[in-house]
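The values are calculated or read from the model by the stated rules, or taken from the named source; none is laboratory data. These numbers come from a predicted model, not from an experiment. Here the Cβ positions follow ideal geometry from the backbone for every residue, glycine too, while neighbour counts run over all protein chains shown. Surface accessibility is based on the protein's heavy atoms, side chains included, excluding ligands, DNA and RNA. Shrake-Rupley method; radii C 1.70, N 1.55, O 1.52, S 1.80 Å.
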Amino acid sequence: MSTVKITSVVEKDREGDYLLKWEVSPDQEGNIDIYSSHTDSSFTSFAPLTSKKIADQVLRVSPTGSEVREFFMLRTGGAYSGVVANRIIEMDNIKNFRDLGGYFTADNRQIKWGVIYRSGNLSDASLYDQDRIRRLNIKTVIDFRSVKTAKKYPLLLHPSIRKIALPLSPMDGEKLDDQLNNENFDRSDAIRYVQESYVDIVENHKEQFGEMFDIMTNDSNYPILLTESLGKDGVGLASYFILYALGVPHIALEDDYMLSNREIDPAKAKIDAQNLSEPLQEAVTAMLSVNRAYLNYVIDHIKEKYGSVDNYLEKELRVTSGKKSLLRKYLLYQF
C-alpha cells in the first residue's frame, strides 16, 4: 500500500475556469497525472487530461463541456486523490449552496459528490438558479425553516421536486427582531443565545432529524438538498450528524460547518443594521455567522447528556447500525 498521500481541492473562479490545487506528502519531486470526467460513476470514466510537476501545486482548467460539474482525479507514486470536484455551486440569488460530497471517512472511504447538497434561502431563486438545481437532478428538498418563515417565503422550485417540511427553529432574519429591540443585547449575549438555540434544536426537534434520516434510507429520494434561510444552523447541525454517521473525522466536520462564514455576508442580510448601535451590530454579525464555539457547545452538551454523539444518533434519532450501513451504501463510493 502506497504511503504517498495526495490532498486536492478544486474551485471555480470568476471566469468560470476550474482552479485545481494539490499537495503531496511526504514532499517529493516528479510528476502528477491529472484526469477529468463529466461523471464520477467509476474510475474508468476518467480520461487523461495532462501531467504536471508535483511542485507546481496548481492548474487552471477550462471547462470541457456545458455541464454544471466536472470531476477530477490525481495520481502519483501509486496513490490517487480520490474524486475531486468543486464544493461550492455558484448561484445567482441562493447563498451557501454547496455539496457535502468529497469528504473522507476515518477508514479512508470517500463520500460521493452530487447526492447531498445544502443551501440557504431558495425563495429568491432566479430562473438561472432553478435551472441549475434541475440540472443537478435534485429530487428531494428538505426545508428546515420555521412554519412562519416558510409560509411567508414559499420555495421557488420545479413542481417535479419533492418538498418536505421539517421545521426547526434556526437563526434567521425573522428571529433577530426581538433581540434588536433590546439595546443592551451585545456580542456576548448573541453567542450565548445561539449556543442555547442549538441545544434547543437538538433537544426539541429529534423527530425532524429522525425523519430526515428515514428519508435518506430510501435511495429513490436522492439527490437531496437540505435548506433553510441561511443554511448554517439547522442545516449545519443536520450536516454534522449526517457526516458523523458516515464516519467523517471531527476536524472535517468543523471545517464543513465553518465554511458558511465564507458564503454568508452579514452585511448583505435583510436587516437594517446601519442604524443600530455598535454593540448591536456586533451582535447581529455574531448571529448571522458560524463559530466553532456554537458547534462545540452543542456537541459537548450531547456528550454530557447522552454519553456520546453515537448514543444520541441511535437512541434519540433512531440511526441504528442498519441505517448507518444503508447510508454508507448510498453515500460512499464503492471503488
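Some values worked out for this structure:
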item	result
Every pair of residues 6+ apart whose Cβ atoms lie under 9 Å, when the first sits in the range 18-45 and is of a type in the set (K, R) while the second is open to solvent by less than 40 Å² (accessible area, probe 1.4 Å)	K21/S8; K21/V10; K21/L59
Residue count, the range 13-48 (criterion: in a strand (DSSP E or B) and exposed (fewer than 12 other Cβ atoms within 10 Å of the Cβ))	3
Residues of the range 109-127 satisfying the condition of being more than 19 Å from S260 (Cα to Cα) and of a type outside the set (V, I, T)	R109, Q110, K112, S126, L127
Test: S51 is open to solvent by 50 Å² or more (accessible area, probe 1.4 Å) and part of a loop (DSSP other than H, G, I, E, B)	no
Where a residue in the range 284-310 is more than 17 Å from Y240 (Cα to Cα) and open to solvent by less than 30 Å² (accessible area, probe 1.4 Å) and its partner, wherever it lies, is β-branched (V, I, T) and part of a helix (DSSP H, G or I), with Cβ under 9 Å and at least six apart	A286/I191; A286/V194; M287/I191; M287/V194
Selection status of Y80, hydroxyl-bearing (S, T, Y), in contact with a helix residue (DSSP H, G or I) (Cβ under 7 Å, 6 or more places away or on another chain), open to solvent by 10 Å² or more (accessible area, probe 1.4 Å) and at negative phi	no
Condition check for K148: modelled with pLDDT under 95, among the basic types (K, R) and open to solvent by 70 Å² or more (accessible area, probe 1.4 Å)	yes
Unique residue being in contact (Cβ under 8 Å) with a residue 60 or more places away in the chain, of a type in the set (F, W, Y) and under 19 Å from D17 (Cα atoms) when the list is F97, F71	F97
Scan of the range 311-335 for residues that are under 26 Å from Y193 (Cα atoms) and open to solvent by less than 40 Å² (accessible area, probe 1.4 Å), ordered by number	Y312, L313, L317
Where E203 falls short, out of the listed (1) surrounded by 15 or more Cβ atoms within 10 Å (Cβ to Cβ); (2) of a type outside the set (S, T, Y); (3) in a helix (DSSP H, G or I)	(1)
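This table checks each residue for (1) open to solvent by less than 30 Å² (accessible area, probe 1.4 Å); (2) free of Cβ contacts under 8 Å to residues at least 24 places away in the same chain; (3) in a helix (DSSP H, G or I).
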position: D129; (1), (2), (3): yes, no, yes
position: I142; (1), (2), (3): yes, no, no
position: P154; (1), (2), (3): no, no, no
position: N182; (1), (2), (3): no, yes, no
